[in-house]
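*Asks:* Can you read through this structure? Questions will come right after.
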Amino acid sequence: MSDLVHDLRMNAGAFSPIVEFNAQRHKLLALDFTDANKELTHEVLNDIDKFSRYIDDRLTAAGALYGIGGYGEHRTIYSLSSLFDSEDPEAEPRRLHLGVDIWGKMGTRVHAPLGASVHSFAYNDRRGDYGATIILSHELEGITFHTLYGHLDLDSINKISVGDRIEKGQAFAAFGSPEENGYWPPHLHFQLIADMDGYRGDYPGVCKFSERSIWLERCPDAGLILRW
């Protein structure tokens, strides 16, 4: 177990909710984006309106406020974008998801889980990418780590500067529309990063399955902060 994972577990009660959620009143729905989900056909995945309706219909049917899941999931959906493929058609594509996705309504506010400073931000606007992205830097028990928030609205990155202080619980971003978030149904990609390794405004959120042990160590389960 890494020092970061140990400290996150020891401080499990110290984090503010990432999105507004009350376990007494709200339901969550686990969503599966692997090959086991036969409803996610290429027709659905390649039509943003159909893909968005699929998410909305599943949440409505379950009476759930949010869909949740994805950490360490080997995902079918990344076949919709060449972003996750190698230039060599024979090479292994990236399909293993390194963050936790929270699927919900466009405009859903995103809150800082603990005090932070803005490390970097960017508009990663290729189809299938993060769209508007913010990365925060935190310190916990003397350890510096980072959290990445992808698929935000553009206003989220237009109103901040590198180095800005973000207080614990502060709403600093919101879920973006498909036109702003890389052409995905509205959701948040939330990811823990132990070491940014020189990246700014971006960090891999998907890796090759064969390299999963390396990348899952670099990016511990964001559920350690979410606690859902």
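The values are calculated or read from the model by the stated rules, or taken from the named source; none is laboratory data. Remember, predicted model here, so these are calculated numbers, not experimental data. Positions of Cβ are generated from backbone atoms using ideal geometry, with glycine treated the same way; all protein chains shown enter the neighbour counts.
*Asks:* Out of region 141-190, which residues are acidic (Asp, Glu), touching an Asp or Glu at 6+ places or on another chain (Cβ under 7 Å) and more than 17 Å from ALA112 (Cα to Cα)?
*Replies:* The answer is GLU141, GLU180.
*Asks:* Of the conditions (1) among the β-branched types (Val, Ile, Thr); (2) in contact with a helix residue (DSSP H, G or I) (Cβ under 6 Å, 6 or more places away or on another chain); (3) closer than 27 Å to ALA14 by Cα, VAL206 clears all except one; give me its number.
*Replies:* (3)
*Asks:* Considering only residues that are free of Cβ contacts under 8 Å to residues at least 12 places away in the same chain and out of contact with any strand residue (DSSP E or B) (no Cβ under 7 Å at 6 or more places or on another chain), which ones fall in region 140-171?
*Replies:* Matches in region 140-171: GLY142, ASN158, LYS159.
*Asks:* So SER120 passes all but one of these: (1) farther than 26 Å from ASP3 by Cβ; (2) of a type in the set (Ser, Thr, Tyr); (3) in contact with a Lys or Arg (Cβ under 9 Å, 6 or more places away or on another chain). Which condition number does it fail?
*Replies:* The one condition SER120 does not meet is (1).
*Asks:* Which one is modelled with the highest pLDDT among residues in region 21-40 that are exposed (fewer than 14 other Cβ atoms within 10 Å of the Cβ) and more than 18 Å from HIS74 (Cβ to Cβ)?
*Replies:* LYS27
*Asks:* To continue, here is another question. Taking region 184-212 as the region of interest, how many residues are hydroxyl-bearing (Ser, Thr, Tyr) and either modelled with pLDDT of 95 or more or under 14 Å from the mean Cα position of the chain (by Cα) (or both)?
*Replies:* 2
*Asks:* Working only within region 93-110, note down all residues that are surrounded by fewer than 18 Cβ atoms within 10 Å (Cβ to Cβ) and out of contact with any helix residue (DSSP H, G or I) (no Cβ under 6 Å at 6 or more places or on another chain). Show your work before the answer.
*Replies:* The first filter runs over region 93-110 and keeps only residues surrounded by fewer than 18 Cβ atoms within 10 Å (Cβ to Cβ), leaving 93, 105-107, 109.
Residues satisfying the conditions are LYS105, MET106, GLY107, ARG109.
*Asks:* Now, a different point. Looking only at region 50-98, filter to residues that are in a strand (DSSP E or B) and of a type outside the set (Lys, Arg); which one of those is modelled with the lowest pLDDT?
*Replies:* Per the stated criteria, the residue is HIS74.
*Asks:* Here's a check for you: in region 180-200, which residue that is under 13 Å from SER120 (Cβ atoms) and of a type in the set (A, V, I, L, M) is surrounded by the most Cβ atoms within 10 Å (Cβ to Cβ)?
*Replies:* Looking at residues that are under 13 Å from SER120 (Cβ atoms) and of a type in the set (A, V, I, L, M), I get ILE193.
*Asks:* Which is at pLDDT 95 or above, in contact with a Ser or Thr (Cβ under 9 Å, 6 or more places away or on another chain) and surrounded by 13 or more Cβ atoms within 10 Å (Cβ to Cβ), of SER177, SER137? I'd like the intermediate steps shown before the answer.
*Replies:* On the way: SER177 fails: in contact with a Ser or Thr (Cβ under 9 Å, 6 or more places away or on another chain).
Sole residue among the options that is at pLDDT 95 or above, in contact with a Ser or Thr (Cβ under 9 Å, 6 or more places away or on another chain) and surrounded by 13 or more Cβ atoms within 10 Å (Cβ to Cβ): SER137.
*Asks:* Any residue at all in region 205-224 that's at positive phi and loosely packed, with under 15 Cβ neighbours inside 10 Å?
*Replies:* Looking through region 205-224, none of the residues is at positive phi and loosely packed, with under 15 Cβ neighbours inside 10 Å.
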